[in-house]
Amino acid sequence: MFGGCKSLTEAPALPATKLAKACYADMFDGCTSLTEAPALPATELAEYCYDGMFYGCTGLIEAPALPATELAERCYTGMFGGCKSLTEAPELPAIKLAKECYEGMFVGCKSLTKSPTLPATELAWKCYCGMFTNCTSLTEAPALPARELAERCYQNMFSDCTSLTKAPELPATKLAKKCYSSMFVGCTGLTKAPDLTATGLAESCYFQMFYGCTS
């Protein structure tokens, strides 16, 4: 709707509480002058509803609250991708996730210093995949309490987070295919690896998990 509107400084009100498939997808993609996001009060989400909504909004400094507790497939995928001025992430209260729900949500948010709390214990395919990739100012990772993982759930989650100095505890005992694949690739500030206590492994579960962690 407003894709590439580089001079847009203010977004319209979006009062909907029940969303539809891809309803706001890419809505403000590339709106580089947008500094404030509209309120997003919806609690009933749909597939792809916020996919890429603010992608490339390089002037956006604050994210709106996201109150939904029940998610949908790819609902937040790439939502704030490339928002390099974003300093704080919204709370993400859901405890049951959906396929690719947070995939690439904050990719390239280079000013983000703190991640939201991630309380979910029921994961889904690629749910956190690439969530914080290239967040070069992120210094602390959130707790990841899930004990039963899903295929590719943490794949590339913290790739190239060069300021990350400590990895979160990984208490999971039931792993899945590629669950930790490339999770900390390029995290050059990471000095200590977490304990990996699972006794039963899965295909490629730790594939390149710490690749390029030179420290």
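The values are calculated or read from the model by the stated rules, or taken from the named source; none is laboratory data. All of these numbers come straight from a predicted model, not from anything done at the bench. Backbone-built Cβ (ideal geometry, glycine too); neighbour counts: all protein chains shown. We work out accessible area using only protein heavy atoms, side chains counted, and drop any ligands, DNA or RNA first. Shrake-Rupley method; radii C 1.70, N 1.55, O 1.52, S 1.80 Å.
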Ala39 vs. criteria at pLDDT 95 or above, on the phi > 0 side of the Ramachandran plot and open to solvent by 20 Å² or more (accessible area, probe 1.4 Å): no
Some residue of the range 165-180 being in contact with a Ser or Thr (Cβ under 6 Å, 6 or more places away or on another chain), polar (S, T, N, Q) and in contact (Cβ under 8 Å) with a residue 24 or more places away in the chain: no
Which numbered condition Thr165 fails, given (1) under 30 Å from Ser85 (Cα atoms); (2) at pLDDT 95 or above: (2)
Count - residues of the range 64-79 that are open to solvent by less than 20 Å² (accessible area, probe 1.4 Å) and not β-branched (Val, Ile, Thr): 8
Residue check, Ala143 crowded, with 16+ Cβ neighbours inside 10 Å and in a loop (DSSP other than H, G, I, E, B): no
Whichever residue in the range 167-200 is under 18 Å from Thr214 (Cβ atoms) and over 18 Å from the mean Cα position of the chain (by Cα) and, among such residues, is most open to solvent (accessible area, probe 1.4 Å): Lys192
Residue within the range 7-23 that is outside any loop (DSSP other than H, G, I, E, B), under 24 Å from Arg152 (Cα atoms) and either without any contact (Cβ under 8 Å) to a residue 40 or more places away in the chain or touching an Asp or Glu at 6+ places or on another chain (Cβ under 8 Å) (or both) present: no
